[in-house]
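In what follows, a structure is listed as structure tokens, so that the remarks can point back to it.
The values are calculated or read from the model by the stated rules, or taken from the named source; none is laboratory data. Because the structure is predicted, anything quoted here is derived from the model rather than measured. Here the Cβ positions follow ideal geometry from the backbone for every residue, glycine too, while neighbour counts run over all protein chains shown.
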Amino acid sequence: MNTLQSSSSETFLNACRSAVGAQFVFTDPDDMLAYTTDWRGRFTGAALAVIKPGLSEEVAEIVRLCCTYQVPIVPQGGNTSLVLGSVPDGTGNAIVLSLVRLNRVREVDALNNTITVDAGCILQNVQEAAAAAGRLFPLSLAAEGSCTIGGNLATNAGGTAVLRYGNSRELCLGLEVVTAQGAIWNGLRGLRKDNTGYDLRDVYIGAEGTLGIITGAVMKLYAQPAAELTALAAMQSPQQALQLLALAQQHCGATLTGFELMSDFCIELVQKHFPQMRRPLAAPSPNYALIQLSDNESTKHANDLLEQLVAAAMEAELIDDAIVATSIAQSRSIWALREHISLAQAAEGKNIKHDVSLPISAIGDFITTTDALLQAHSPGCRMVTFGHLGDGNLHYNVSPPEDMIDIAFIARQDAINQIVHDRVHAFNGSISAEHGVGMLKRDEILRYKSDVEMALMRTIKQALDPLNLMNPGKIL
């Protein structure tokens with residue numbers, strides 16, 4: 001990509017100012033810093049400008065200008081990517097196209113159980129708009145106060161309720177997309193059945209903005225549950241957690257909404273850095289399962305199901321102890337332990353993160369064998385293992401030994417990544433479950449995807465974005 005000459009650059013930027021308003025085009029490096037620095041603060045790129053359109057038509061106009069002037073585009077929502085997917089590289093050739101002004105809830109159709117929103121809507125705001133209409137939007141994740149629906153769809157985000165409701169792909173019925181040529185495809189149809197050709201919606205979901213820019217979406221809603229109850233169970237091994245999951249599915253059926261795994265070191269970190277949070281169970285245990293039920297009948301019915309599950313698990317000697325939350329406050333305190341794990345990791349220092357998915361049945365063996373390999377490679381390394389056991393998504397993070405400074409440990413990242421990802425591949429898993437590929441894992445996927453798979457992906461990219469202007473350097 002050729003860098004714009006200064007005169008052409010100014011002509012391009014003036015055209016962008018005319019399209020969206022001069023106050024929404026930022027070129028000062030200090031003003032752009034929050035948009036060019038990644039969520040974890042480990043990388044800062046450079047941009048020609050940060051541009052904030054307010055309408056889909058303005059997005060389309062900016063894309064057409066970028067095609068004319070050959071300017072790369074980095075679409076950005078809440079900039080919560082953990083894989084350098086929403087920030088530009090260091091060349092300064094690209095614009096960051098921030099969608100934060102596209103933040104309207106366009107329509108709530110309670111009878112159709114759908115909500116139509118702009119891509120820049122904050123996830124939490126969508127949840128609240130659904131609740132105001134007496135409905136549930138079930139997508140829930142730690143960054144929900146900052147991340148946007150467009151970003152959720154671009155990475156096919158999952159969260160804590162995938163077990164019951166599915167990930168972002170399953171929650172989406174239709175999209176509005178600005179193509180790489182600056183045309184607007186309006187696919188905002190709230191239909192559960194539509195077999196009229198290729199499923200264009202699924203082409204753009206999970207594509208991380210490399211094929212086009214999602215500007216709107218129709219998302220599914222559900223009835224608000226009559227009761228939501230939480231339990232925490234302690235057990236010795238991940239294998240026992242898997243057996244408990246099977247038992248929970250047998251006893252609780254469709255009311256089982258979430259089933260999260262946490263290692264004891266996760267709880268230790270949370271207690272260390274957030275001392276106001278206490279262990280709900282008296283004695284520590286190597287592993288914990290957080291179980292969430294959403295019941296459409298009553299609190300009593302949900303409580304009875306959980307009590308029966310705990311009794312059956314105790315009888316089968318799958319768990320050592322358990323607590324069923326008896327109040328909303330107690331339930332929130334249990335969930336707070338889970339939700340503060342990432343914050344506690346950050347407070348502890350730098351660590352090596354992995355967002356992987358595996359066949360659910362393989363997770364126990366994966367943890368056991370990979371833990372041993374990592375200890376052989378880096379004796380004393382500490383495993384921050386947690387994730388969505390019910391759908392096979394594991395956040396398998398490695399912290400340095402207590403006597404090693406984190407910067408020295410991060411120097412081992414490539415070797416540790418290969419140990420973990422080779423084991424994931426050996427168990428027929430994926431090296432990215434819900435965080436995406438971005439720049440961080442772009443080269444990693446070449447090791448695990450076949451030549452046929454990569455050729456098909458490149459064919460799609462070439463067909464839809466022949467100028468390679470859409471988030472270049474991400475995924476491919």
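Brief remarks follow.
- All conditions but one from (1) part of a loop (DSSP other than H, G, I, E, B); (2) of a type in the set (S, T, N, Q); (3) over 25 Å from the mean Cα position of the chain (by Cα) apply to THR210; the one that does not is (3).
- Residue match in the range 251-261 (condition: of a type in the set (A, V, I, L, M) and more than 30 Å from THR148 (Cβ to Cβ)): no
- Only one of the numbered conditions (1) part of a loop (DSSP other than H, G, I, E, B); (2) in contact with an Asp or Glu (Cβ under 8 Å, 6 or more places away or on another chain); (3) farther than 25 Å from GLU57 by Cα; (4) modelled with pLDDT of 95 or more is violated by LEU111, and that is (2).
- Yes/no for ASN167 being crowded, with 20+ Cβ neighbours inside 10 Å, in contact (Cβ under 8 Å) with a residue 24 or more places away in the chain and more than 17 Å from GLN76 (Cα to Cα): yes
- Test result for ALA411, more than 15 Å from the chain's Cα centre (by Cα) and more than 23 Å from ALA362 (Cα to Cα): yes
- Checked against the criteria, GLY209 counts as on the phi > 0 side of the Ramachandran plot, in contact with a strand residue (DSSP E or B) (Cβ under 8 Å, 6 or more places away or on another chain) and outside the structural domain of GLY78 (by TED's automatic domain parsing).
- Listed conditions (1) at pLDDT 95 or above; (2) buried (at least 17 other Cβ atoms within 10 Å of the Cβ) are all met by LEU373, apart from (2).
- Among helices (runs of 4 or more DSSP H) entirely within the range 271-367, having at least 1 residues that are in contact with a Phe, Trp or Tyr (Cβ under 9 Å, 6 or more places away or on another chain) and under 24 Å from THR80 (Cβ atoms) singles out 328-339, 341-348.
- Residue that is surrounded by the most Cβ atoms within 10 Å (Cβ to Cβ), among those in the range 66-108 that are part of a loop (DSSP other than H, G, I, E, B) and among the polar types (S, T, N, Q): SER86
- Among the residues of the range 420-443, those that are surrounded by fewer than 17 Cβ atoms within 10 Å (Cβ to Cβ) and part of a helix (DSSP H, G or I) comprise ASP422, HIS425, ALA426.
- Every condition in (1) free of Cβ contacts under 8 Å to residues at least 60 places away in the same chain; (2) among the β-branched types (Val, Ile, Thr); (3) not in a loop (DSSP other than H, G, I, E, B) is met by VAL63 except one, and the failing one is (1).
- Lone qualifier among LEU175, LEU245, LEU256, LEU232 - being at pLDDT 95 or above, surrounded by 14 or more Cβ atoms within 10 Å (Cβ to Cβ) and within 30 Å of ARG458 (Cα to Cα): LEU175
- Of all residues making up the range 340-359, the number that are closer than 25 Å to GLN240 by Cα and crowded, with 17+ Cβ neighbours inside 10 Å: 9
- Among the residues of the range 371-408, the ones that are under 28 Å from THR257 (Cα atoms) and in a helix (DSSP H, G or I) come to 3 in all.
- Screening the range 114-142 for residues that are at pLDDT 95 or above and assigned to a loop (DSSP other than H, G, I, E, B) and picking the one that is nearest to THR257 (Cα to Cα) gives PRO138.
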